[in-house]
Amino acid sequence: MLDLSSDKSIYIQIAEMIENHIILGSLKEEDQAPSTNEFARIYQINPATARKGLNLLVDEGILYKKRGLGMFVAEGARQKILMKRQVSFLADTLPEVIREANRLEIDIKELIGHIKELGGEKC
């Protein structure tokens with residue numbers, strides 16, 4: 001769902017929405033992505049804005065264009081997204097979590113315990 005009141009650009013939100021569908025498996029390799037006109041109609045946005053979000057994913061090799069047919073999920077797209085988001089999480093999000101835990105004087109062992117509790121089998 002797009003948040004039109006967000007500080008995040010609409011085209012970025014569109015790209016992230018498609019990435020989320022790919023990660024969750026509701027869009028698989030070779031599936032057709034929603035068209036710019038579909039995004040424009042559903043969210044009442046300019047088709048050029050939707051196109052910018054889709055083209056961002058084309059530039060990253062997550063989607064590819066089939067002339068006259070639309071955009072489709074590229075082979076290996078899910079893995080590319082996971083790698084990109086893991087790098088971002090480890091470089092940006094995790095250090096901020098650790099800084100905030102330090103400011104709040106949360107012991108690292110306590111923090112790890114909470115992460116394990118929330119993370120299930122992956123942690």
Read through the list (1) under 18 Å from residue 1 (Cβ atoms); (2) in contact with a Gly (Cβ under 8 Å, 6 or more places away or on another chain), then give the number of the only condition that residue 34 fails. (2)
Which condition breaks for residue 24 when tested against (1) of a type outside the set (Ser, Thr, Tyr); (2) surrounded by 11 or more Cβ atoms within 10 Å (Cβ to Cβ); (3) at pLDDT 95 or above? (2)
Select from region 52-81 the residues that are in contact (Cβ under 8 Å) with a residue 24 or more places away in the chain and farther than 18 Å from residue 28 by Cβ and write down the one among them that is farthest from the chain's Cα centre (by Cα). 52
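Take residue 38 and decide whether it is in contact (Cβ under 8 Å) with a residue 60 or more places away in the chain, of a type in the set (D, E, K, R) and surrounded by 13 or more Cβ atoms within 10 Å (Cβ to Cβ). Break it down stepwise before answering.
Numbers: in contact (Cβ under 8 Å) with a residue 60 or more places away in the chain: no; of a type in the set (D, E, K, R): yes; surrounded by 13 or more Cβ atoms within 10 Å (Cβ to Cβ): yes.
Taking the combined requirement at face value, the residue does not satisfy it.
Could you check region 24-39 and list, in sequence order, the residues that are more than 10 Å from residue 50 (Cβ to Cβ) and either in contact with a helix residue (DSSP H, G or I) (Cβ under 6 Å, 6 or more places away or on another chain) or part of a loop (DSSP other than H, G, I, E, B) (or both)? Please lay out each step first, then the result.
Within region 24-39, the subset more than 10 Å from residue 50 (Cβ to Cβ) is 24-33.
Correct list: 25, 26, 27, 28, 29, 30, 31, 33.
The values are calculated or read from the model by the stated rules, or taken from the named source; none is laboratory data. No experiment lies behind these values; they were computed from the predicted model shown. Cβ sites come from the backbone with ideal geometry, for glycine too, and all protein chains shown count toward neighbours.
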